Amino acid sequence: MNPTHQCQQVDTTCDCGSGGAKSLAVDGPTASNATTVAPQRFRIANMDCASEESEIRRALDGVAGIRGLQFNLGDRELAIAADDHALQLALDAIRKAGFKPEPRNVEDTSDGATAAAPIGFWASWGKLIAALGLAVAAEGLAFAFSDSWPAKALGMALAAVAIALAGFSVYGKGLSALRQGRLNINALMTVAVTGAFLIGQWPEAAMVMALYAIAEAIEARAVDRARNAIKSLLALAPEQAEVRQSDGSWTRVGVKAVVVNAIVRIRPGERVPLDGVVTLGQSAIDQSPVTGESLPIDKAPGDEVYAGTINQSAALEFRVTAPASDSTLARIIHAVEQAQSSRAPTQRFVDRFAAIYTPAVFILAVAVALLAPWLADLTWMQAVYKALVLLVIACPCALVISTPVTVVSGLAAGARRGILIKGGVYLEDARKIKAVALDKTGTITEGKPKLVAFEPVDTGLDQRVLEGLAKSLAGRSDHPVSKAIAEGLSTADLEVGEFQAVAGRGVQGVIGNHSYALANHRWIEERGQCSAELEARLAVHEEAGRTVTLLANSERVMAICAVADTIKPSSAQAVADLKSLGVTPVMLTGDNIATARTVGFQAGIAEVRGNLLPEDKLQAICELQQRLGITAMTGDGINDAPALAKADIGFAMGAAGTHTAMEAADVVVMNDDLRRLPETIRLSKRTHAVLWQNISLALGIKLVFLLLAIFDNASMWMAVFADMGASLLVVFNGLRLLGRQQSK
């Protein structure tokens with residue numbers, strides 16, 4: 001496996017279990033003091049695969065004083081928390097294992113591998129092309145001058161140079177593994193190529209190593225698509241922002257230098273450089289890179305904007321609310337990178353299988369070499385050659401890479417659609433969901449009350465006059481219901497005198513020398529202004545789950561204002577999609593049961609539970625798990641956090657959700673679109689299917705060629721094509737997830 005081969009997940013954090021990734025794993029009796037030791041970061045150029053991670057872990061097992069390790073295979077980086085003495089011992093152990101750790105500055109947040117990619121790419125391909133040319137020349141000499149000793153000597157020299165050019169890193173890691181008694185992919189290839197060269201099959205040995213290295217380089221470039229699918233989002237945010245200075249002038253500065261509360265200006269067509277709140281201007285913003293929304297969103301003063309989104313129609317000014325390192329886009333990328341360390345169940349199975357499979361293959365090859373001359377009437381050279389062919393064919397690279405590239409592609413595909421999945425385990429397990437518990441406010445509904453009806457009680461009065469009175473009173477109050485009434489009426493405001501808010505009742509004031517009130521049902525009854533006819537009209541609205549406010553003067557009720565939290569346009573479709581997937585939707589809400597049933601009916605949810613406290617929602621999740629099986633919870637508030645944590649998979653509404661809910665959840669829906677739930681389940685089903693397709697491909701191809709080798713129908717050429725062909729097949733099959741997009 002050469003240094004450019006990326007055959008495992010992008011990021012792996014030790015001891016993360018099946019849940020979300022930990023920032024730094026802490027082990028041993030000194031764990032309580034681990035936070036006092038700042039981790040030191042090192043770049044290890046030839047650490048790019050889970051097998052290398054395992055080798056480094058084993059090398060560090062005997063080193064005392066290490067308090068934490070954090071592996072980031074995407075950046076080829078290892079963070080070690082240890083005191084100076086233990087750190088030096090750890091670095092010595094890593095070097096002894098065949099790796100070269102290089103210190104990395106904390107301030108250096110760039111991806112070194114990416115920065116050096118153009119030079120490294122051409123240097124690597126130049127060596128590989130030269131190695132392939134020398135291998136072909138060695139094959140040609142062996143074929144044309146098979147009996148000529150000078151030609152044989154030249155051919156052996158060409159083969160040796162080809163092997164050195166193509167397989168230097170493979171030999172380095174393979175020999176290190178063999179010295180330590182470990183059998184990995186590099187050890188298998190080292191033994192196979194060396195053995196072939198020594199028994200006189202030097203042209204094949206050179207060709208095998210050259211083809212192996214070229215195939216791995218192609219594979220590495222393909223895997224980069226998955227590895228960089230999330231990090232490439234960083235390029236969406238511009239590197240500079242136009243910031244207002246203290247003298248009122250505008251200057252472009254680097255986004256990292258922009259402080260919170262600074263005022264930034266963006267022009268039409270520009271990308272938003274930082275998170276913020278609009279202070280001046282109105283425009284449409286394309287938020288699809290962050291939230292996955294297909295249509296631009298209108299923004300006005302008070303609305304949030306996100307780094308990486310695109311301003312479309314007019315200039316905007318906004319106040320920065322987070323530094324560049326803590327923008328919504330940066331947090332998405334960081335969360336998904338951490339999520340890749342949480343291995344899916346299938347991935348853990350493959351890792352355990354490969355740990356047994358590789359030594360078993362080596363033992364089988366040794367048995368063939370030793371027993372074939374006795375049992376199959378082969379010469380010793382023939383038996384050794386057959387054993388070497390078996391080693392190359394059975395190389396487990398395709399099997400090892402079959403799962404992580406698929407999981408990474410699935411996580412990236414979800415993030416591009418505004419679905420932030422916090423671990424491969426949740427990506428794979430979402431397909432098993434049997435029930436989804438849904439909070440009402442902010443999840444099924446908009447979470448913002450709106451005026452849905454305005455009805456004059458006295459038909460003899462002009463409706464526009466009544467609307468003006470109601471809006472004028474409501475506009476003076478900060479109560480959500482009053483705000484909804486004021487925003488829902490389009491008439492002009494009137495001057496209000498002697499305004500007064502009456503707690504738990506409503507508001508009142510004087511307009512045009514007459515006293516008016518916007519009162520709730522209770523206050524109207526206390527004022528003695530209710531009638532049987534009015535009660536009947538109010539009952540219709542209240543049964544529909546609406547909050548009723550009445551406009552009244554000192555003598556009678558004049559108009560009815562009905563406010564409701566309206567259902568999201570996408571909720572009914574989302575519920576229908578869940579049902580089509582065999583998932584049972586259940587509403588859990590703290591609102592009254594009448595309102596809950598009304599909203600449930602509109603959304604198509606048959607099972608509705610109202611008047612629930614946070615502990616009641618928790619108990620409901622437990623009951624659903626026992627009755628229906630794997631249960632998900634969807635919510636956005638602090639009161640939903642216990643249920644989100646208890647559910648098998650928790651979905652948080654990211655746009656309107658609280659920080660607590662998003663921390664407790666396993667999946668964050670960035671645009672609050674409930675249709676992302678069935679989309680997540682469908683993505684999980686596709687990911688699971690591709691995982692097992694890849695495993696079947698990897699094992700099936702190897703089984704076929706193993707049988708061919710046993711019955712003398714396979715050569716080392718066929719062996720390397722079988723191994724690398726299987727690897728490339730599973731890589732490109734996994735990458736299909738990146739190319740498949742759900743309908744907007």
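The values are calculated or read from the model by the stated rules, or taken from the named source; none is laboratory data. Predicted, not measured: the structure shown is a model, and the values here were computed from it. Cβ placement follows ideal geometry from the backbone for every residue including glycine, while neighbour counts extend to all protein chains displayed. Calculation scope for accessible area: heavy atoms of the full protein, side chains included, ligands and nucleic acids excluded. Shrake-Rupley method; radii C 1.70, N 1.55, O 1.52, S 1.80 Å.
Quick one: is S342 touching a Cys at 6+ places or on another chain (Cβ under 9 Å) and either of a type in the set (A, V, I, L, M, F, W, C) or at pLDDT below 80 (or both)? Taking the combined requirement at face value, the residue satisfies it. Quick check on Q529: is it open to solvent by less than 80 Å² (accessible area, probe 1.4 Å) and assigned to a loop (DSSP other than H, G, I, E, B)? For Q529, the condition - open to solvent by less than 80 Å² (accessible area, probe 1.4 Å) and assigned to a loop (DSSP other than H, G, I, E, B) - is met. Checking each residue in region 355-384 for being free of Cβ contacts under 8 Å to residues at least 40 places away in the same chain, part of a helix (DSSP H, G or I) and either on the phi > 0 side of the Ramachandran plot or more than 51 Å from the chain's Cα centre (by Cα) (or both) picks out P373, W374, L375, W380. Of the listed requirements (1) under 14 Å from A453 (Cβ atoms); (2) in contact (Cβ under 8 Å) with a residue 40 or more places away in the chain; (3) open to solvent by less than 20 Å² (accessible area, probe 1.4 Å); (4) in contact with a Lys or Arg (Cβ under 6 Å, 6 or more places away or on another chain), I485 misses just one: (4).
Can you name every residue in region 589-605 that is surrounded by 23 or more Cβ atoms within 10 Å (Cβ to Cβ) and modelled with pLDDT under 85? Selection gives T589, T595, A596. Could we say that A517 is free of Cβ contacts under 8 Å to residues at least 60 places away in the same chain, open to solvent by less than 90 Å² (accessible area, probe 1.4 Å) and closer than 20 Å to A562 by Cα here? Criteria met by A517. Here T443 meets each of (1) in a helix (DSSP H, G or I); (2) in contact (Cβ under 8 Å) with a residue 40 or more places away in the chain; (3) more than 24 Å from T328 (Cβ to Cβ); (4) open to solvent by less than 30 Å² (accessible area, probe 1.4 Å) with one exception, condition (3).
What pairs come out if I take residues in region 305-317 that are on the phi > 0 side of the Ramachandran plot and pair them with residues that are in a loop (DSSP other than H, G, I, E, B) whose C-beta lies under 8 Å away, six or more apart or interchain? From region 305-317, the pairs are G308/A237; G308/V272; G308/S327.
The condition of being in contact (Cβ under 8 Å) with a residue 60 or more places away in the chain, open to solvent by 50 Å² or more (accessible area, probe 1.4 Å) and closer than 30 Å to A596 by Cβ holds for only one of R546, R522, R556, that being R546. Residues considered: V575, V608, V586. Of these, the only one that is surrounded by 19 or more Cβ atoms within 10 Å (Cβ to Cβ), free of Cβ contacts under 8 Å to residues at least 40 places away in the same chain, out of contact with any Ser or Thr (no Cβ under 7 Å at 6 or more places or on another chain) and of a type in the set (A, V, I, L, M, F, W, C) is V608. Regarding L91, is this residue outside any helix (DSSP H, G or I), at pLDDT 80 or above and open to solvent by less than 20 Å² (accessible area, probe 1.4 Å)? Against the criterion (outside any helix (DSSP H, G or I), at pLDDT 80 or above and open to solvent by less than 20 Å² (accessible area, probe 1.4 Å)), L91 does not qualify. Candidates A153, A142, A138, A130: the one that is open to solvent by 50 Å² or more (accessible area, probe 1.4 Å), more than 23 Å from C395 (Cα to Cα), part of a helix (DSSP H, G or I) and hydrophobic (A, V, I, L, M, F, W, C) is A153. Applying a threshold of 7 Å to beta carbon distances and a minimum spacing of six or more residues, or different chains, the list of pairs starting in region 242-263 at a residue that is within 17 Å of D275 (Cα to Cα) and basic (K, R) and ending at one that is assigned to a helix (DSSP H, G or I) and open to solvent by less than 50 Å² (accessible area, probe 1.4 Å) reads K256/A324. Residue-level check: of (1) over 25 Å from R682 (Cα atoms); (2) touching a residue at least 24 places away in the same chain (Cβ under 8 Å); (3) not in a loop (DSSP other than H, G, I, E, B), C395 misses just (3).
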